[in-house]
Amino acid sequence: TVPETIDGWRNVQADGENVLPAECFVACNQFFVPQGNAAAFEQRWAARESKLKECDGFVAFSMLRRDGQAKGHGTSPMTNDEPTYLSTTIWRDRKAFDDWREGNSFKAAHGQDKPPGAAGEAKNGEEKPQGPPPPQWSRPPVPVFYEGTLVISAADGA
């Protein structure tokens with residue numbers, strides 16, 4: 001249960017000894033996309049069919065692009081060792097995420113729902129395997145997970 005918000009902040013009891021209860025679960029993937037692949041990477045995500053809204057416990061999705069143009073306090077130049085994109089899905093709780101992760105929606109979104117032997121047909125009639133398109137990142141995505149605490153949301157979302 002998410003506590004009420006009073007004067008723009010959460011009405012919670014924090015005793016300084018115990019961590020606050022988790023109010024949501026956030027699953028992230030860090031992507032390392034070279035600048036030359038950025039537009040194609042964004043287009044692939046924009047064109048992707050999503051069934052997330054149909055999943056029980058799904059709250060929100062965001063694709064974040066690192067602001068490499070920022071200047072001033074707290075910024076540092078980007079290096080190739082840093083993720084350039086971060087996808088986030090917010091879920092009601094870890095169980096909702098796990099249910100999605102183990103279900104058919106996840107398999108379909110990640111190209112794992114193809115029946116054995118499913119392949120395209122080459123012009124000469126021979127079977128031609130159709131795999132996923134080549135990756136646009138320089139190294140595999142890195143998953144990171146968080147428990148959300150002190151969640152504040154506008155009534156109509158972000």
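In summary, Asp67 fulfils each of the numbered conditions (1) within 25 Å of Trp137 (Cβ to Cβ); (2) in contact (Cβ under 8 Å) with a residue 40 or more places away in the chain; (3) open to solvent by 70 Å² or more (accessible area, probe 1.4 Å) with the single exception of condition (2). Here Ser87 clears all of (1) modelled with pLDDT of 85 or more; (2) open to solvent by 100 Å² or more (accessible area, probe 1.4 Å) except the condition numbered (2). Screening Asn80, Asn104 for residues that are open to solvent by 50 Å² or more (accessible area, probe 1.4 Å) and modelled with pLDDT under 80 leaves exactly one candidate, Asn80.
Going through Ala14, Ala60, Ala38 one at a time, which residue ends up being outside any helix (DSSP H, G or I) and either of a type in the set (Phe, Trp, Tyr) or surrounded by 12 or more Cβ atoms within 10 Å (Cβ to Cβ) (or both)?
Values: Ala14 fails: either of a type in the set (Phe, Trp, Tyr) or surrounded by 12 or more Cβ atoms within 10 Å (Cβ to Cβ) (or both); Ala38 fails: outside any helix (DSSP H, G or I).
Result of the check over Ala14, Ala60, Ala38: Ala60.
Filtering the range 33-41 for residues that are within 27 Å of Glu147 (Cα to Cα), touching a residue at least 40 places away in the same chain (Cβ under 8 Å), touching a helix residue (DSSP H, G or I) at 6+ places or on another chain (Cβ under 7 Å) and aliphatic (A, V, I, L, M) leaves a non-empty set.
The values are calculated or read from the model by the stated rules, or taken from the named source; none is laboratory data. What you are looking at is a predicted structure, and each value in this text was computed from that prediction instead of being measured. Neighbour counts run over all protein chains shown; Cβ positions are idealised from the backbone, glycine included. Accessible surface areas use protein heavy atoms only, side chains included; no ligands, DNA or RNA. Shrake-Rupley method; radii C 1.70, N 1.55, O 1.52, S 1.80 Å.
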